[in-house]
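Scroll down for the structure; my scribbles are underneath it.
The values are calculated or read from the model by the stated rules, or taken from the named source; none is laboratory data. Remember, it's a predicted structure, so these values are computed and weren't measured experimentally. Cβ sites come from the backbone with ideal geometry, for glycine too, and all protein chains shown count toward neighbours.
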Ligand code: ARG
Ligand code: ZN
């Protein structure tokens, strides 16, 4: 925590380091009261640096015990201890600097650096946690070969792990055990890891494409040893997939994963020692939902893929974070698509992007995929850097095609292996390998905000010519009033009466080689452009933004009939889903207006008819059908309403009314599907079973929205379920649509049965946090006093408070302000305990400009936070930028 106003760091100020650390030797003496860290840094002046003998090492919350230069104790006048650094002067060109520091991991509640989780020691160093362990050049462009020695009491800490290979284990005269780990690959400090604890492990192996045998281990607490199978299987499939799809082979003989309960994020890709939040690695049918299984698969893959995109080739500075995160999210999304349904995965990703990343782009924290400044880097692990960053990589993939993209990826890895590089280096490799010019495309890295495409059509019957006029624009974002045009790949098709039509662009040669001439990608790269299609037998319905080919908003004035045609007849799965969404958005808006003018809601019969047709369409896979039937979320509808126009209560009522109308109109078809899809076999997280359960949950929701029958079925489902997915989907329906008498007993029962499983309890907390009834705020406060709640555990805080603020719009935005107050109070408390989590939790308050009639209340809470003493840089940055 700083006293003065925290400063801003700018990309334009980047300077190479003055010294390099060729080798880093660390010695840890782990103790209950304090931990002694001794470092030996083999320093060499950097010829590319400023070449003075001055060196400023980062260090935070450290007690300096001793410092030596080339073996000699350094007197106090040779160095200066500053607020968050150690400044050394007159250093020779090459030297050995050794520091002894004392730290107290057991008091470290920020969960960065070395800290305790339950009975174990563990680390989280990305982005700048290493400086809480010892004085160091804690920046990603300083890469060093690490040797780590750990001394600890083996009875408490029988498992002692760090990066790389275990070189020796000895018993010390003191009775402690000593282990030495050596990682042959140079790495930045953010990839360092250490784990010590009483852990069990499962072991398996993987033979790489060149025939090397790799030992794979997952370390967990003994009680969780049976929950590792899915993660191990996911790891093996990830390793194979990365060889086949990207030509990337694993490079050490051992790969370890450790599960910890107290963790700020999902997981961390430390070299050969990935550390995971338990919620992202453990799987069991009674504690992990279907979505949870898929998440574990994706995160295991994501962290593994970082071994190349992140570790072998890393980032020069933290402004380049998307270099590793955007690329790795793209890679894990491709992996998940190959493992399951590509269209469903795409729909899930787009849903997240549109409901949350677009909001970020439209809010006070908006920043480009490659930010230009920050106060606290932890605030920039965002949907923009990760998910939009992945969309940018996906667009490069679309522009280059799969083969040139792979060549670009190969060139990037080969050219920069062992280096710390920039987004620019990535783009250059893609350009060189493909011969394509990506100059204008680079605007995606430098400009914030979600571009908007306004598309209109004209039809010349006599000429058989159809024109699409496309105008692009991008709203202003903080610090960027004007935007230059983006390069926007716009996937399209044209739908005729009998299916998709052949495409012939005016002025282009027909391509006889082309097998599929019903699909093309238009390059939108100017503010205003016309695309003319010729030789058409009839006026088509345009199928636009196929596959969600770019992260943009697209406006086209479709009639409801045309949306229905696209929904049932287009070749592109994404467009089919998107048309259903657009149709639903229109219908909900209409009902919202009817309710506002005091009328009875009348849901367009066309929509009801379309829903029946979907339910009876045998060509749709159940997972896809579930997506198509799911109405746009209240958050997304609020986002669409725009600044000053989101009315959460009206949105909630209108959406409910549409749900009830569909549920009533389609009752028979819904119940029939619900029954047919019942899974008779034992639980498996297979594609078919997951799809069936997901569609059953959708059907059940509609039935319950319409009346008692759905609640009856939900009670039955709750009692009969042999897995948490069905228990929770039943409980959700009961608690969202039923009366207290409907949900009270099963809610208690769930806790009685599964209260001993932390991960199940977290979901039980989260479900209660979403309940839309009037007692919600009181319930959340009550649950904060529950013995299972712990403000120091991020999973608990996220499950209860994060879910409440993010997924219970009617109660978070209560007109009496009690929802906002609850959030502000816990953020204020967390500010002193765990600033990273405090700042993340705050996000829903930053959107105050959206909420009509609530903006003042929301601002007032932000102002209260701004006035707090001892505001962390994390919270300070979000609060001050939001109030601007
Ligand atoms: N690199 C990790 C991942 O995406 C995330 C670590 C983020 N840590 C943080 N303190 N923000 O896999
Ligand atoms: Zn990552």
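Residues to consider are 491, 449; find the one that is in contact (Cβ under 8 Å) with a residue 60 or more places away in the chain and not in a strand (DSSP E or B). From the options 491, 449, the qualifying one is 449. Does the stretch 297-317 include one or more residues that are in contact with a helix residue (DSSP H, G or I) (Cβ under 9 Å, 6 or more places away or on another chain), away from ligand 2 (no atom under 16 Å from the Cβ), touching a residue at least 24 places away in the same chain (Cβ under 8 Å) and not assigned by TED's automatic domain parsing to the domain that holds residue 476? Yes, the stretch 297-317 contains at least one residue that is in contact with a helix residue (DSSP H, G or I) (Cβ under 9 Å, 6 or more places away or on another chain), away from ligand 2 (no atom under 16 Å from the Cβ), touching a residue at least 24 places away in the same chain (Cβ under 8 Å) and not assigned by TED's automatic domain parsing to the domain that holds residue 476. Criterion applied to 146, 130 was being in contact with a strand residue (DSSP E or B) (Cβ under 6 Å, 6 or more places away or on another chain) and within 16 Å of ligand 1 (Cβ to nearest atom), and the one residue passing it is 130. Of the residues making up the stretch 319-345, those that are more than 13 Å from ligand 2 (Cβ to nearest atom) and either without any contact (Cβ under 8 Å) to a residue 24 or more places away in the chain or farther than 17 Å from residue 421 by Cβ (or both) are 334, 335, 336, 337, 338, 339, 340, 341, 342, 343, 344, 345. Restricted to the stretch 290-312, and to residues there that are more than 13 Å from ligand 1 (Cβ to nearest atom) and surrounded by 23 or more Cβ atoms within 10 Å (Cβ to Cβ), the residue that is farthest from residue 372 (Cα to Cα) is 290.
Each residue in the stretch 562-604 was checked for being in contact with a strand residue (DSSP E or B) (Cβ under 9 Å, 6 or more places away or on another chain) and either more than 21 Å from residue 452 (Cα to Cα) or not in a helix (DSSP H, G or I) (or both), and 7 of them qualify.
Take the residues of the stretch 265-291 that are part of a loop (DSSP other than H, G, I, E, B) and closer than 16 Å to residue 191 by Cα: which is farthest from ligand 2 (Cβ to nearest atom)?
Ranking the qualifying residues of the stretch 265-291, first place goes to 272.
Within the stretch 328-336, one or more residues are in a helix (DSSP H, G or I), away from ligand 1 (no atom under 16 Å from the Cβ) and either modelled with pLDDT of 95 or more or closer than 24 Å to residue 406 by Cα (or both). Residues that are touching a residue at least 60 places away in the same chain (Cβ under 8 Å) and under 20 Å from the mean Cα position of the chain (by Cα) do not occur anywhere in the stretch 810-817.
Quick one: would you say residue 592 is at pLDDT 95 or above, more than 30 Å from residue 516 (Cα to Cα) and buried (at least 21 other Cβ atoms within 10 Å of the Cβ)? Please lay out each step first, then the result.
Numbers: at pLDDT 95 or above: yes; more than 30 Å from residue 516 (Cα to Cα): yes; buried (at least 21 other Cβ atoms within 10 Å of the Cβ): yes.
Yes, satisfied.
Residue 321 falls short on exactly one of the conditions (1) closer than 24 Å to residue 392 by Cβ; (2) part of a loop (DSSP other than H, G, I, E, B), and that condition is (2). Of the strands (runs of 3 or more DSSP E) contained entirely in the stretch 146-232, those carrying at least 1 residues that are in contact with a helix residue (DSSP H, G or I) (Cβ under 7 Å, 6 or more places away or on another chain) fall at 200-207, 213-220.
Filtering the stretch 90-118 to residues that are closer than 24 Å to residue 22 by Cβ and either outside the structural domain of residue 49 (by TED's automatic domain parsing) or within 16 Å of ligand 1 (Cβ to nearest atom) (or both) leaves 113, 114.
Note on the stretch 29-61: residues that are within 14 Å of residue 135 (Cα to Cα) and assigned to a strand (DSSP E or B) total 12.
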